[in-house]
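**Q** Attaching a single structure in structure tokens format; questions to follow.
The values are calculated or read from the model by the stated rules, or taken from the named source; none is laboratory data. Given the structure is predicted, the values throughout are model-derived calculations rather than measurements. Cβ placement follows ideal geometry from the backbone for every residue including glycine, while neighbour counts extend to all protein chains displayed.
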Amino acid sequence: MTEPVAGERPRGKLKIYMGYAAGVGKTFQMLEDAQELKAKGVDVVVGYFEPHGRKDTIAKTEGLEFVPRKKVEYRGAEFEEMDAEAILARHPQVAVVDEYPHTNVPGCARAKRWEDVEALLDAGIDVLTTMNIQHLESLNDQVWQMTGIRVRETIPDWVVQRAGEVVMIDLTPRALLHRLERGAIYGREKAERAAQNFFRESTLAALRELALRQAAHEVEQRATAESGDRILIHVTDDPRSAMLIRRAKRVADFLGAECFAAVVEGAGGEAEEQHLNFARNLHIETRILEGEDAARVLVEFARRNRITQIFLARPRERGFRIGRNLAQQIVALATDMQVVIVSEREPR
């Protein structure tokens with residue numbers, strides 16, 4: 001970790017309260033901790049709080065200072081968003097920010113709430129925030145396969161990995177469904193919609209297992225040093241490249257491995273550049289390689305950079321024979337490293 005330069009404020013600390021569904025108690029616990037900090041004399045403000053009509057959670061805000069939201073007009077309607085600039089001007093020791101993955105209305109200074117939080121942290125303000133596991137970028141495909149629902153609001157893994165603390169808030173699916181039925185999570189109409197999406201017991205059980213595994217991984221990752229693994233992702237203009245990048249990044253994070261994404265002879269392609277930008281957003285190093293023999297160029301780059309695993313998308317064409325497609329050429333050449341050929345699975 002880089003030490004702050006003399007005269008500069010040290011970066012604030014991020015604490016994430018993570019669950020697997022709305023209603024497990026993330027915001028309640030966050031506010032309870034905020035009240036404890038206030039009781040100890042810490043300067044705490046609520047930067048953003050979404051009550052959802054939950055009386056017990058609302059009661060936990062009593063006595064806490066709120067920074068008023070800002071009003072943003074968009075397409076003839078008025079919306080309320082967190083006023084990050086007002087929080088920066090107020091400069092508390094700790095800011096409470098609910099719903100970390102939220103997308104801001106166009107016209108705000110930043111596109112995502114997590115980007116607002118980064119600005120607060122950079123200013124030396126500690127932040128308490130909440131999110132669900134299905135919003136983690138690298139799990140996007142896995143959640144879609146499990147639930148059939150594509151989560152649109154995601155947070156890059158590197159943002160979560162920089163958190164000083166991640167607290168898992170757990171509740172059994174049966175208890176959560178009971179809370180939903182008695183109106184403790186949403187009003188009747190919204191509860192009925194929720195029951196048709198994530199709030200099915202089998203789905204909740206799968207998401208909970210995912211969240212518990214992630215929590216265990218967070219503990220393991222913070223306790224162990226980096227491995228000697230280095231992963232290379234072969235990026236093309238194929239739409240499946242985004243899935244491939246997510247899958248490889250997930251493996252890299254579990255292994256504590258360095259990760260690279262490379263394009264061969266495709267620097268001008270708009271789709272390829274989009275995929276490289278996506279990789280950069282996940283803090284993956286990117287390279288554009290030149291050469292007529294794509295397989296040889298990729299494998300030679302891998303050897304020079306001590307790559308241990310190459311991730312490729314499974315070719316779409318039939319007749320998976322050596323020498324016929326790029327994947328098999330790479331398999332034949334990369335005999336001293338592991339080649340992982342990833343196929344896209346349909347949701348269950």
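**Q** How many residues does segment 108-152 hold that are hydrophobic (A, V, I, L, M, F, W, C) and either at pLDDT 95 or above or in contact with a strand residue (DSSP E or B) (Cβ under 8 Å, 6 or more places away or on another chain) (or both)? If you could, list the steps in order and put the result at the bottom.
**A** Taking segment 108-152 and keeping what is hydrophobic (A, V, I, L, M, F, W, C), we get 108-109, 111, 114, 117, 119-121, 123, 125, 127-128, 131, 133, 136, 139, 143-144, 146, 149, 151.
Next cut, either at pLDDT 95 or above or in contact with a strand residue (DSSP E or B) (Cβ under 8 Å, 6 or more places away or on another chain) (or both) only: 108, 111, 114, 117, 119-121, 123, 125, 127-128, 131, 133, 136.
Looking only at that region, the number is 14.
**Q** Quickly run through segment 43-63 and pick out the residues that are over 13 Å from Val127 (Cβ atoms), among the β-branched types (Val, Ile, Thr) and in contact (Cβ under 8 Å) with a residue 12 or more places away in the chain. Reasoning before the result, please.
**A** Of all residues in segment 43-63, those over 13 Å from Val127 (Cβ atoms) come to 43, 49-63.
In the following step, the residues that additionally are among the β-branched types (Val, Ile, Thr) were identified as 57-58, 61.
Residues satisfying the conditions are Thr57, Thr61.
**Q** In the same structural domain as Ile133 (by TED's automatic domain parsing) and under 11 Å from Ala34 (Cβ atoms), is that true of Thr57?
**A** Working: in the same structural domain as Ile133 (by TED's automatic domain parsing): yes; under 11 Å from Ala34 (Cβ atoms): no.
Spelling it out, it is not the case that Thr57 is in the same structural domain as Ile133 (by TED's automatic domain parsing) and under 11 Å from Ala34 (Cβ atoms).
**Q** Of all residues in segment 145-199, how many are crowded, with 18+ Cβ neighbours inside 10 Å, closer than 30 Å to Ile284 by Cβ and either among the aromatic types (Phe, Trp, Tyr) or outside the structural domain of His217 (by TED's automatic domain parsing) (or both)?
**A** Residues in segment 145-199 being crowded, with 18+ Cβ neighbours inside 10 Å, closer than 30 Å to Ile284 by Cβ and either among the aromatic types (Phe, Trp, Tyr) or outside the structural domain of His217 (by TED's automatic domain parsing) (or both): 1 in total.
**Q** Only one of (1) assigned to a loop (DSSP other than H, G, I, E, B); (2) at negative phi fails for His52. Which number is that?
**A** Answer for His52: the failing condition is (2).
**Q** So, restricting to helices (runs of 4 or more DSSP H) that lie completely within segment 256-348, which ones have at least 2 residues that are modelled with pLDDT under 90 and surrounded by 14 or more Cβ atoms within 10 Å (Cβ to Cβ)? Working first, answer last.
**A** Values: elements: 270-281, 294-304, 326-333.
Because the criterion is at least 2 residues that are modelled with pLDDT under 90 and surrounded by 14 or more Cβ atoms within 10 Å (Cβ to Cβ), the helices (runs of 4 or more DSSP H) in segment 256-348 that meet it are 270-281, 326-333.
**Q** Right, next: Inside segment 64-104, can you point out the residues that are at pLDDT below 95 and in contact with a Phe, Trp or Tyr (Cβ under 6 Å, 6 or more places away or on another chain)?
**A** Scanning segment 64-104 gives a single hit, Val72.
**Q** Among the candidates Glu62, Glu32, Glu73, single out the residue that is in the same structural domain as Asp170 (by TED's automatic domain parsing), touching a helix residue (DSSP H, G or I) at 6+ places or on another chain (Cβ under 9 Å) and charged (D, E, K, R).
**A** Sole residue among the options that is in the same structural domain as Asp170 (by TED's automatic domain parsing), touching a helix residue (DSSP H, G or I) at 6+ places or on another chain (Cβ under 9 Å) and charged (D, E, K, R): Glu62.
**Q** Hey, can you tell me all the residues within segment 189-212 that are among the polar types (S, T, N, Q) and either under 17 Å from Asp141 (Cβ atoms) or modelled with pLDDT under 80 (or both)? Full working, then the answer.
**A** Restricting attention to segment 189-212, the residues satisfying the condition of being among the polar types (S, T, N, Q) are 196-197, 202-203.
Listed by number, the residues that qualify are Gln196, Asn197, Thr203.
**Q** Take Ile185 and tell me if it is among the hydrophobic types (A, V, I, L, M, F, W, C) and in contact with a Lys or Arg (Cβ under 9 Å, 6 or more places away or on another chain). Steps first, answer last, please.
**A** Details: among the hydrophobic types (A, V, I, L, M, F, W, C): yes; in contact with a Lys or Arg (Cβ under 9 Å, 6 or more places away or on another chain): yes.
When the stated conditions are applied, Ile185 passes them.
**Q** Within the bounds of segment 97-110, is there any residue that is surrounded by 17 or more Cβ atoms within 10 Å (Cβ to Cβ), among the hydrophobic types (A, V, I, L, M, F, W, C), under 30 Å from Arg75 (Cα atoms) and in contact with a Gly (Cβ under 8 Å, 6 or more places away or on another chain)?
**A** Looking for residues that are surrounded by 17 or more Cβ atoms within 10 Å (Cβ to Cβ), among the hydrophobic types (A, V, I, L, M, F, W, C), under 30 Å from Arg75 (Cα atoms) and in contact with a Gly (Cβ under 8 Å, 6 or more places away or on another chain), one finds at least one in segment 97-110, hence yes.
**Q** Here are some residues: Thr57, Thr27. Which one is in contact with a strand residue (DSSP E or B) (Cβ under 6 Å, 6 or more places away or on another chain) and part of a helix (DSSP H, G or I)?
**A** Values: Thr57 fails: in contact with a strand residue (DSSP E or B) (Cβ under 6 Å, 6 or more places away or on another chain).
Among Thr57, Thr27, only Thr27 is in contact with a strand residue (DSSP E or B) (Cβ under 6 Å, 6 or more places away or on another chain) and part of a helix (DSSP H, G or I).
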